[in-house]
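Some notes on the structure that comes next.
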């Protein structure tokens, strides 16, 4: 039985380190000094102070504890991913049950992307149920007039005003299961606080039709036919195009999703770089 | 404003009557001018950026809806200064 102090309770006693163990502390392993507790050169100190030397792990553990996520490795990408989700919010703030994309934030982002030297291409991901006509058209016009290559993917849905936004990219993809609803503005859309006439709504609709036909392979006649088709939608006139059908109508360039879209964007970036090179005489 | 959406309008605009305009104030965090709304305990929610530098709009910390702890930010500033 080893000697024990009187006040010490019987049982197994751990050697306690001088600092409290913390998952945020990692021991420093020095290859020249293996962390052995009993270094004979250290007189009278059974515990090697090196054992408790450590450095904080940075934000990794905090992110894991707080958010349940592991930190991502930092990769500088030459493409920027822009997601357009939920309702495209325009001049009116929508009630909080809506997921919204705020156009007043997206538009300066596009300006920054056009200007940033390290960004060579933009990948736009759409899963939107439409929204404000003017906000949607504003985003679409900005994307269409960018000098950098842009590729869009419609995932889930790109309905109503999402259609011109999807077409605005240089090349567009639609997931096999994604859908696009094409319907007239005047039946389902509501004018809030604006004295509306049939002609006014017709003009708004013309803006959408002109943009879509100008930036995709669909003809105005086909697009209007899709818009006014009866018997397809339960509550409205119009059409739902799913994946391949949108490509067949010429609205979207190709069926595909992430892999194909990123490959296409890389290809477009290469082409635009080659185009900028001055040919040697 | 015209909403062009296949979603039922009742669902989209439900509760629009009860919505009150947020009581915004203008502040400047890290050189970025923005409109914020107080959410209590020294934190603010970003309503929108007012900065004219397009680069600020790409900063993930200042996305609309993001909550910024300005109390902690001021502490950090005091410590470093």
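The values are calculated or read from the model by the stated rules, or taken from the named source; none is laboratory data. Since the structure is predicted, the reported quantities are computational estimates derived from the model, not experimental observations. We place every Cβ from the backbone using ideal geometry, glycine too, and count neighbours over all the protein chains shown.
Odds and ends about this structure:
- Enumeration of residues in segment A:106-133 that are within 7 Å of another protein chain (Cβ to nearest Cβ), in a helix (DSSP H, G or I), within 25 Å of residue B:56 (Cα to Cα) and over 14 Å from the mean Cα position of the chain (by Cα): A:108, A:111, A:112, A:115
- For segment A:95-105, filtering for residues that are within 8 Å of chain B (Cβ to nearest Cβ) and touching a residue at least 12 places away in the same chain (Cβ under 8 Å) leaves 2.
- Any hit, segment A:176-192, residues being within 16 Å of the chain's Cα centre (by Cα), in the same structural domain as residue A:248 (by TED's automatic domain parsing) and either outside any loop (DSSP other than H, G, I, E, B) or in contact (Cβ under 8 Å) with a residue 60 or more places away in the chain (or both): no
- Residue count for segment B:4-47 satisfying the condition of being exposed (fewer than 14 other Cβ atoms within 10 Å of the Cβ) and in a helix (DSSP H, G or I): 3.
- Evaluating residue A:153 against the criteria (1) under 16 Å from the mean Cα position of the chain (by Cα); (2) touching a residue at least 40 places away in the same chain (Cβ under 8 Å); (3) buried (at least 24 other Cβ atoms within 10 Å of the Cβ); (4) within 14 Å of another protein chain (Cβ to nearest Cβ) leaves one unmet condition, (4).
- All told, residue A:163 meets the bar of being within 13 Å of chain B (Cβ to nearest Cβ), more than 16 Å from the chain's Cα centre (by Cα), at pLDDT 95 or above and over 19 Å from residue A:79 (Cα atoms).
- Residue A:143 vs. criteria in the same structural domain as residue A:246 (by TED's automatic domain parsing), modelled with pLDDT of 95 or more and farther than 16 Å from residue A:81 by Cβ: no
- Failed criterion for residue B:80 (all others in (1) loosely packed, with under 14 Cβ neighbours inside 10 Å; (2) in contact with a strand residue (DSSP E or B) (Cβ under 8 Å, 6 or more places away or on another chain); (3) at pLDDT below 90 hold): (2)
- Of the residues A:134, A:120, the single one that is farther than 19 Å from residue A:206 by Cβ, touching a strand residue (DSSP E or B) at 6+ places or on another chain (Cβ under 8 Å) and in the same structural domain as residue A:84 (by TED's automatic domain parsing) is A:120.
- Residue within segment A:225-232 that is in contact with a helix residue (DSSP H, G or I) (Cβ under 7 Å, 6 or more places away or on another chain), modelled with pLDDT of 85 or more and in a helix (DSSP H, G or I) present: no
- Yes/no for residue A:159 being exposed (fewer than 15 other Cβ atoms within 10 Å of the Cβ), touching a strand residue (DSSP E or B) at 6+ places or on another chain (Cβ under 7 Å) and assigned by TED's automatic domain parsing to the domain that holds residue A:262: no
This table checks each residue for (1) within 13 Å of residue A:85 (Cα to Cα); (2) at pLDDT below 95; (3) crowded, with 20+ Cβ neighbours inside 10 Å.
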{"residue": "A:118", "(1), (2), (3)": "no, yes, no"}
{"residue": "A:131", "(1), (2), (3)": "yes, yes, yes"}
{"residue": "A:168", "(1), (2), (3)": "no, no, yes"}
{"residue": "A:176", "(1), (2), (3)": "no, no, no"}
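- Restricting B:39, B:46 to residues that are touching a helix residue (DSSP H, G or I) at 6+ places or on another chain (Cβ under 7 Å) and farther than 30 Å from residue A:179 by Cβ narrows the list to B:46.
- Number of residues in segment A:234-257 that are part of a loop (DSSP other than H, G, I, E, B), within 14 Å of chain B (Cβ to nearest Cβ) and touching a strand residue (DSSP E or B) at 6+ places or on another chain (Cβ under 7 Å): the value is 1.
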